[in-house]
Amino acid sequence: MAIRTKGRSRKTGAAQDDYSSLKIKLRGKDDAPLTMPEMREVLFELVRILKQYETGYRAKSPTLYMKLVDEDGRPVRINKRNELTIYPYRTAADEHGL
């Protein structure tokens, strides 16, 4: 069973019936920037929500975009590319085929 969504074409605005990407919005109170502890909590909540779909569903190349800002609201980068790639945890036994 797949989740089917109805959306609108970005170019024409016309209704379309397709299997589009799941849009997940993470927001702070009154759209204020989330603190890192708040961000962690909303991500945990997302994991709890998605748990109901863990049987039979997979996520294909999920990507999360965030604008990071300092305490004064100025944009910041966490590294030169401002990018992280995270893979599922693998135990030493997994790594060595045990």
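The values are calculated or read from the model by the stated rules, or taken from the named source; none is laboratory data. Note that the coordinates shown come from a computational prediction; the quantities given were computed from them, not determined experimentally. We place every Cβ from the backbone using ideal geometry, glycine too, and count neighbours over all the protein chains shown.
A few comments on the model shown:
- Out of LEU26, LEU22, LEU64, sole residue that is in contact with a helix residue (DSSP H, G or I) (Cβ under 6 Å, 6 or more places away or on another chain), modelled with pLDDT under 95 and not acidic (Asp, Glu): LEU26
- The set of residues from region 40-79 being closer than 16 Å to ARG27 by Cβ and among the hydroxyl-bearing types (Ser, Thr, Tyr) comprises just one member, TYR65.
- Condition met for GLY56 (in contact (Cβ under 8 Å) with a residue 24 or more places away in the chain and over 25 Å from TYR19 (Cα atoms)): no
- Any hit, region 79-93, residues being on the phi < 0 side of the Ramachandran plot and surrounded by 10 or more Cβ atoms within 10 Å (Cβ to Cβ): no
- Total residues in region 45-71, condition part of a helix (DSSP H, G or I) and among the aromatic types (Phe, Trp, Tyr): 1
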